[in-house]
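Working notes for the structure below.
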Amino acid sequence: MKNSYFPGCNLKTEAKGFEQSAIAVSKALDAELVEMPEWNCCGTVQTMTTDNLMRRIAPVRVLSRASNHVKELKNSQNQVITLCSMCNSTLKIVNAEVKENPNDLEKINFQLENDDLVYEGDMEVKHFLEILRDDVGYENIAKKVTNPLEGMKIASYYGCMLLHPEKAKIDDEEMPTVMESIVLSLGAEVVDWPYFKQCCGSYHIVDRDDIVNSQVVKIIRNAKKTGANALIVACPLCAYNLDNQQVELEKLGVEKEPIPIFYFTQLMAIAMGLPQKVNHFEDHHINPILLLKELGLIGKKK
Amino acid sequence: MSYDYIEFGDTEKEFTSKIEEISGQNIFSCYQCGKCSAGCAFSNLMEKTINHTMQLVQLGKKEKVLQSNTHWVCASCLTCTVRCPREIDVAAVMEAIREYTLRYEPETIERLDLPEELLKKIPNIALVGSFRKKSEL
């Protein structure tokens with residue numbers, strides 16, 4: 001089956017490994033992600049104001065183009081798939097808002113006239129994790145595993161945008177299981193830890209890295225304390241903050257022995273024996289290859 | 001007994017109702033349980049706790065609200081929103097205070113001067129997010 005896929009800006013720059021590993025995994029699981037044509041930035045953060053329709057135009061344009069793309073794909077469900085959890089949240093919230101307020105949708109559609117687009121409110125937004133859980137199923141993931149991740153103790157970091165707010169959450173907000181279930185089906189060990197959705201500091205990295213650092217220290221120390229040797233994430237910004245700031249904290253002498261940060265799809269690609277180049281580990285700030293080699297998960301003879 | 005020391009004149013009312021209008025929330029729903037502040041990951045960095053800010057908005061104390069760094073430290077993680085027993089979108093109230101400043105008092109915002117190397121390094125979602133929350137862009 002083919003799915004319309006909205007990348008968002010970071011998947012083409014810092015998070016190439018996330019996108020390419022996800023596409024490779026989706027093909028192997030027969031739930032292929034096909035990039036939609038002519039997409040634009042979703043706006044990154046959803047506006048929580050009641051009166052700012054301008055901030056809602058970009059997501060609606062994405063939804064209307066995705067709707068056209070689904071028709072081209074044939075046999076595809078009326079859904080657009082995201083990988084970045086910030087895109088997921090923004091698109092889901094705006095989608096729900098315009099469905100609830102047809103007057104707002106009419107005004108926004110008026111703005112889309114120049115692009116010859118109309119959004120009918122006929123799309124659903126899904127995160128790739130939801131596709132893996134609901135369409136593919138954990139047992140089918142487990143069937144494709146050729147290189148079980150023995151020795152990996154993984155703390156699943158959801159961050160805030162996958163679980164908040166009500167309109168955008170993909171799982172139970174206080175006790176999610178989707179990432180853990182995937183980790184288990186890959187043959188790795190799950191770490192039960194309380195900091196799975198403690199905010200990483202998000203966009204404060206631009207001008208207040210002290211806020212981000214104080215969060216990263218808490219999150220990483222807790223992960224280590226509970227025995228994790230790696231973290232998985234689903235958001236390029238969480239990934240950057242946790243990855244890069246661990247290196248910065250080491251330079252500052254605050255925290256030693258950084259632990260690697262993976263996108264969940266990268267671990268799936270390794271467990272499923274897909275070519276390693278899709279993971280783009282060279283973009284990481286903490287080298288994840290060291291741990292994988294130490295555990296004998298890569299570089300083995302076939 | 002007189003309650004003259006609590007002033008709630010037109011100026012106060014105007015601020016409170018503007019925040020309510022931008023956020024779409026009923027500020028007076030808040031009964032000061034403090035769950036928002038207790039669960040906030042950034043409470044220790046805020047000059048005023050969130051529930052204190054909520055009360056100041058109820059009372060229309062514009063200067064006190066805007067002087068505090070509370071709404072700028074908020075990273076919109078929405079933990080307060082999903083936990084509020086009165087179902088107030090607390091993060092939307094913080095957003096409304098930011099928006100109020102950006103719309104009506106933009107001269108109080110500090111302009112960012114970001115070095116070139118930082119701009120190259122930081123993910124674009126962080127830049128767009130930051131500009132959208134902290135500037136009128």
Quiz item: Can you pull the mean other chain C-beta count within 10 Å for peptide A:159-169?
Solution: 4
Practice problem: Please work out how much accessible surface A:K126 shows to a 1.4 Å probe, ignoring ligands, DNA and RNA, in Å² rounded to 10. | Solution: 50
Self-check item: Under 14 Å, Cβ to Cβ, from A:V254 - net charge with Lys/Arg +1 and Asp/Glu -1
Solution: -1
Quiz item: Where in the stretch A:40-77 does accessible area fall by at least 40 Å² between the isolated chain and the complete protein assembly, at a 1.4 Å probe radius?
Solution: A:T44, A:V45, A:M48, A:T49, A:T50, A:D51, A:R55
Quiz prompt | Counted charge near B:V82, where neighbours are those whose Cβ lies closer than 9 Å (Asp, Glu -1; Lys, Arg +1) | solution = -1
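With n ≥ 4 as the cut-off for DSSP H runs, can you work out [θ] at 222 nm for chain A, using -39500 (n - 2.57) per run divided by the number of residues, rounded to the nearest 500?
On the way: 10 runs with 117 residues, N = 302.
Helices in chain A give a 222 nm mean residue ellipticity of -12000 deg cm²/dmol.
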Exercise. Could you work out which residue, out of B:C77, B:C40, B:C30, moves most in a Gaussian network model of chain B, that is, has the largest mean-square fluctuation with Cα springs under 10 Å?
Key: B:C77
Exercise. Measure off, as a whole percent, the carbon and sulfur share of the 1.4 Å-probe accessible area of chain A, all protein chains present.
Key: 49
Quiz item: Tell me, how many Å apart are the Cα centres for the stretch A:239-302 and for the stretch B:63-128?
Solution: 32
Practice problem: For A:H280, A:H69, write out the residues from largest to smallest accessible area, computed with a 1.4 angstrom probe and no ligands counted. | Solution: A:H280, A:H69
Quiz item: Between chains B and A, what is the buried accessible area summed over both chains (1.4 Å probe, protein heavy atoms, nearest 100 Å²)?
Solution: 3600
Quiz item: What does the accessible area of A:S185 come to, in Å² to the nearest 10, when a probe of 1.4 Å is used?
Solution: 20
Exercise. Just the number, please: carbon plus sulfur as a percent of the accessible area of the stretch B:1-135, 1.4 Å probe, no ligands or DNA/RNA counted.
Key: 49
Quiz item: What span do the alpha-carbon atoms of chain A cover on each of the three principal axes, reported in whole Å from largest to smallest?
Solution: 57, 44, 32
Quiz item: On the first, second and third principal axes, largest extent first, how far apart are the outermost C-alpha atoms of the stretch A:141-238 in Å?
Solution: 45, 32, 21
Self-check item: Counted charge near A:N109, where neighbours are those whose Cβ lies closer than 15 Å (Asp, Glu -1; Lys, Arg +1)
Solution: -3
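Taking a 1.4 Å probe, which of A:W193, B:W72 shows the most accessible area, and what order do the others take after it?
Ranked from most to least accessible, the order is B:W72, A:W193.
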Quiz item: At 222 nm, what helix-only mean residue ellipticity would chain B give, in deg cm²/dmol to the nearest 500, using -39500 (n - 2.57) for each DSSP H run of four or more?
Solution: -15000 deg cm²/dmol
Self-check item: Accessible surface, per residue, of the protein assembly as shown when the full set of protein chains is kept, probe 1.4 Å, Å²
Solution: 44
Quiz item: Once fully extended, how much extra length lies between A:K74 and A:E250, figured as 0.36 nm per residue of separation less the alpha-carbon to alpha-carbon distance?
Solution: 58.3 nm
Self-check item: Heavy-atom accessible area, 1.4 Å probe, ligands and nucleic acids excluded: residues of the stretch B:115-133 down by at least 30 Å² from chain alone
Solution: B:K121, B:I122, B:P123, B:N124, B:I125, B:A126, B:V128, B:G129, B:S130, B:R132, B:K133
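The values are calculated or read from the model by the stated rules, or taken from the named source; none is laboratory data. Quick caveat, the model's predicted, so the values are computed rather than measured. Cβ coordinates were reconstructed from backbone atoms using ideal geometry, including for glycine residues, and neighbour counts include every protein chain displayed. The area values use the complete protein model at the heavy-atom level, side chains included, leaving out ligands, DNA and RNA. Shrake-Rupley method; radii C 1.70, N 1.55, O 1.52, S 1.80 Å.
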